[in-house]
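Below are the structure tokens for one structure; questions will follow.
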Amino acid sequence: MKLERTLTSYFDGLSCTRIGLRSPTVLLPFVAFGLLQAIIVALLASLPNPALAPVLVPVVRALGGEPALHYPEHFVLLPVMFRRVYLPLVATVGFALWTLAVWWMVDRHEVGRRGPAPRFRAHLLDAVLIGIVFTAVSAGPGRLVALLVRLVPAGPASHMATLAGTAVIACAQALLVFAPVVLRIRGVRAPEAIRVGIHYARRVFGPTVLVVLTVLLLNSPVDYLIASAPRIALHFRPETILYLQMLSILLEIVTAYVLFASVVGLALPEEGGLR
Amino acid sequence: MRRSFAAVVLFVPLVASCAPVDGVLTRYRLERELWRAQFYERRINIAFARASSPDIRRAIDAFQRLLADDPLSTPAAAAWNPDVVSDIRQLRVSAQIGLANLYFLSDRYSEAGTLYSRTVESGSLSLHRAMDARLGAARSLYLAGETSAVMEQCAAIFHQLLETPDFWGHDSAVNEDFLNVPVALVRMYVENGDSARANEYARLAAVFYARLASERPKTRLGWQARLGAIQLHLVRREWNAAVDAVDSVLADPSQQAGAPDGLMLLAAEIHGFALDDTSRAYRALGEVIHRFAGTGSASAARYDIGTLRAAHGDPEGATLMFRAVESDPNAEPAIAARATVSHAAILERQGDWDGAFTLLKRVQLLYPYTDAAIDAPMAITRHYARMGETQLARRSLDRARDYYLSLLDKASQFAGDRSAVQTAMVESYVAAGRAADVAELLGSGRPGWDETSVAAGMLRSADVYTTVLHDSTQACAVLKKCVERFPKTQYSKMAERRLDELEGRSD
């Protein structure tokens, strides 16, 4: 019975992604963040361009070390370099844009329209603070899991460690993912939004974890390919890694939208919910 | 005001850290070009047995483009970071070696040899890389027919081994192939009739092997050095010294110079065939049979005893031994086939042609890819020709021709010496009085043969025209065809030398 309710809530949440079809403008923040990332990746990959090299050489050296100035290591290390830029970027700009998207999605939601809408600019700093906390709890366990997987011998044990790590990340994200919606609905400051978000997440934990896992699952094939960058460089053209990184960004536009649209759906059911 | 301050704070450190990056970019560009060239090279290596010619061409073009561009010769290079300059130099060396390997793979031996030599002369190679490049140069120049250049490279390798402290350091791990270079060098000088150089290098080689054996006793390198010293004695025909050296190695139960049965067999063969000391040979061969019963070496020892007995007028004793080898399941196919053919020769001499014929046919049937089987059709044709049985000689020659052509075919499983097949074919035809036919057959360059067989066939055809048919015009025509078809190879060099001799003689 409980499983049925969980699955119903999960599918109800996912059905909220139709909002993007009715109002495509809610997609704009996701696309804008994707474009920003694509520009950064393209710039990092443009190291051999003589016009950009004077600026890019020190930047690439700082991000990837001396090996990143060599071919094909430059492309092999591209995902590592990008990740070093991505984490602060997603915690600040990314989360600000995604929170703006949440603002617009709630504005267009039947239940969300019923209450007064606080101004987004007044909560920009709160959105960034939530972003920093969200990124830290996502990246922290992720780093720990990566270290653990390296310590465990390859085989079933390593697969189990990866799965366990993914579950931990999914749970951590599920607890924090409602905070931007709380900001919009209640107009509170970041710490209160996080507290209320966690409290609400515990009520709808099952469907939320399923949504987060769906998103992680959608990203996993490209993430796996990017993690295999040295092998790809050896067997194919190293530039393939750049194309994979671009594909990952494109996929993130979709998955981030699916995550936040579903979370809005889970937060604003007809009865109960965050009001 | 606040915004412009932020801009200054952000951008000044960034701009200040922007050092000149020309060297880094040039290195990056060369690395990318080298990677692309090596990408084709990797594809060629994956499909080595059937390397695709478009890939070889693409890889050669890519390496050539890379080497045509020498950024270090530009004035700007003087200001580059020394690490970047060193990297660029190593990239060019890698490209040179890669291109030389590809030239070698595409039979452009002369260009390969020149490039390997140039790479070594550039002086920026480690000991191992320099030695590998020199070995590549020696192999290429040998195949390009540049005999004197091969000897120069081998001499350079040898001197490098002698004089490089890295090599004598205890942690150096030099490819054991290089230890064969001194003895190969002496052999080449001996074969070229340059006794002064042969003596000089033999002395140096003996000192080299002795030093290596004493400085690295009980190591693999040390044992290889002792084996090299034995080979040196054999090349110099110092038979007693060779036997002493073998005995001294065998006296050490922990020796790793070679398998003890092989070394004992070698010593016994030196006694029997080189020193003509049959009693010591029989004793030594008997010991091999006793100590290594049921092995291939015991069979080889029995074959040697049979051969010695046949040579010393004891056909019955020889037959006993040959029969024992024929029926020994542990005998190597080459030894069993050789024993059968030797047994057949005894039967033929005793007038039992039917028995001999049966054995010769059996060899072809049981061991078709051995040297002895190659001799069998020749022995049959020669017998009928000698007996004046023209019809039978022609028929056996036709069968021999089919058999030899099947061995020479590119798709054949035969992995032995195709040149020996051509020799046997020539001898069969000459014995049957049809030298013109074999000269024409070998000179035609049959499409089903590999390039080496075609080239060797043309040279052999010219030999038949010159020595058997006394037709220097035809010989010159075949040699010219060989030069045109295999330019800048050892074959064209040999053909040119023979053309010079023939034309000089006609002048």
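The values are calculated or read from the model by the stated rules, or taken from the named source; none is laboratory data. On a predicted model such as this, the values are computed, not experimentally measured, just so you know. Counting neighbours? That spans all protein chains shown, and the Cβs are built from the backbone with ideal geometry, glycine included. For accessibility, only protein heavy atoms count, side chains too; no ligands or nucleic acids. Shrake-Rupley method; radii C 1.70, N 1.55, O 1.52, S 1.80 Å.
Taking every pair of Cα atoms in segment B:267-377, average 1/r, invert it to obtain the Kirkwood radius, and report Rg/Rh to two decimals.
Ratio of gyration radius to Kirkwood radius for segment B:267-377: 0.97.
Per-residue HN-Hα couplings for segment B:178-194, Karplus 6.51 cos²θ - 1.76 cosθ + 1.60 at θ = phi - 60°, whole Hz, x for Gly and Pro?
Here the 3J(HN,Hα) series is 5, 5, 7, 4, x, 5, 5, 5, 4, 4, 5, 5, 4, 5, 7, x, 8 Hz.
For chain A, with equal point scatterers placed on the C-alpha atoms only and solvent neglected, what are the log10 I(q)/I(0) values from the Debye formula at q = 0.12, 0.16, 0.17 1/Å, to two decimals?
Debye intensities relative to I(0), on a log10 scale: -0.79, -1.25, -1.35.
Tell me, what HN-Hα J-couplings in whole Hz come from the Karplus equation 6.51 cos²θ - 1.76 cosθ + 1.60 at θ = phi - 60° for each residue of segment A:238-245, using x for Gly and Pro?
In residue order, the calculated couplings are x, 4, 4, 4, 4, 5, 5, 5 Hz.
Along the principal axes of its C-alpha atoms, what lengths does segment A:1-65 span, in descending order and rounded to whole Å?
Ordered largest first, segment A:1-65 gives principal extents of 62, 28, 12 Å.
While we're on this one: Kirkwood hydrodynamic radius, segment A:130-275, all distinct C-alpha pairs: what's the number in Å?
Across segment A:130-275, the inverse of the average 1/r is 16.8 Å.
Shifting gears a bit: For q values of 0.14, 0.17, 0.22, 0.24 Å⁻¹, compute log₁₀ I(q)/I(0) with the Debye formula on a Cα-only model of segment B:388-495, without solvent.
Here log10 of I(q) over I(0) equals -0.53, -0.77, -1.18, -1.32.
At a 1.4 Å probe radius, which order do B:440, A:192 fall into by accessible area, largest first?
The ordering from most to least exposed comes out as B:440, A:192.
As a check on your grasp of the helix formula, calculate [θ] at 222 nm for the protein assembly as shown: sum -39500 (n - 2.57) over DSSP H runs of n ≥ 4, divide by the residue count, round to the nearest 500.
-24500 deg cm²/dmol
Could you please state, rounded to a whole Å, how far the C-alpha centre of segment A:144-186 is from the C-alpha centre of segment A:240-266?
If you average the Cα positions of each part, the centres end up 17 Å apart.
Hey, another quick one. Taking every eigenvalue of the Cα gyration tensor of segment A:76-160, multiplying by 5 and rooting it, what semi-axes result, largest first, whole Å? Write out the running numbers ahead of the final one.
On the way: eigenvalues 258, 52, 23 Å².
Over the Cα atoms of segment A:76-160, the semi-axes work out to 36, 16, 11 Å.
Also, I was wondering about something else. Of B:304, B:500, which has the most accessible area and how do the rest follow, probe 1.4 Å? Please report the intermediate quantities before stating the final value.
Numbers: B:304 10, B:500 105 Å².
Greatest to least solvent exposure: B:500, B:304.
Further, regarding this structure: Probe radius 1.4 Å, ligands and nucleic acids left out: can you give me the accessible area buried at the B-A interface, summed over both chains, in Å² to the nearest hundred?
1600
Throw me the Rg/Rh for segment A:186-254, computed over C-alpha atoms with Kirkwood Rh, two decimals.
Ratio of gyration radius to Kirkwood radius: 1.23.
Still on this structure, please answer the following. Could you run the Karplus curve 6.51 cos²θ - 1.76 cosθ + 1.60 with θ = phi - 60° over segment A:18-35 and give me ³J(HN,Hα) per residue in whole Hz, x for Gly and Pro?
For segment A:18-35, the Karplus-derived couplings read 5, 4, x, 6, 6, 10, x, 4, 5, 7, 3, x, 5, 5, 4, 5, x, 4 Hz, x marking Gly and Pro.
How big is the dipole moment of chain B about its Cα centre under a simple scheme where the beta carbon of each Lys and Arg is +1, that of each Asp and Glu is -1, and everything else is neutral? Debye, nearest 20, please. Please list the in-between numbers first.
Working: 58 positive and 63 negative charges, 302 e Å.
The dipole of chain B has a size of about 1460 debye.
Give the Kirkwood hydrodynamic radius (Å, one decimal) of segment A:1-155, defined as one over the mean of 1/r across all pairs of different Cα atoms.
On the way: mean 1/r = 0.0529 Å⁻¹.
Roughly 18.9 Å, rounded to one decimal.
So what's the angle, to the nearest 10 degrees on a 0 to 90 scale, between helix B:260-269 and the longest Cα principal axis of chain B?
That works out to roughly 50 degrees.
Could I ask something else about it? Using just the C-alpha positions of segment B:242-321 as equal point scatterers, what log10 of I(q)/I(0) does the Debye formula give at each q in 0.13, 0.22, 0.25 1/Å?
Rounded to two decimals, the profile gives -0.38, -0.98, -1.18.
Assuming 1.567 mPa s and 4 °C, estimate D for the protein assembly as shown with Stokes-Einstein, Rh taken as the Kirkwood radius over Cα pairs, in µm²/s.
38
Along each of its three principal axes, how wide is the spread of alpha-carbon positions in segment B:59-121, in whole angstrom units, largest first?
41, 22, 16
From the C-alpha gyration tensor of chain B, pull out the three semi-axes of the equivalent ellipsoid (sqrt of 5λ each), sorted largest to smallest, in whole Å.
Its equivalent ellipsoid spans semi-axes of 54, 32, 21 Å.
Cα to Cα, under 28 Å, and not fewer than 8 places away if on the same chain: which lysines meet these conditions relative to residue B:361?
Counting by Cα, and skipping residues close in sequence, residue B:361 has these lysines nearby: B:410.
Under 20 Å Cα to Cα from residue B:480, which lysines show up? Leave out anything in the same chain fewer than 8 places away.
Reachable lysines: B:488, B:493.
What percentages make up the Cα-Cα pair-distance distribution of segment B:351-414 when the bins are 5 Å wide from 0?
4, 18, 27, 26, 15, 7, 3, 1
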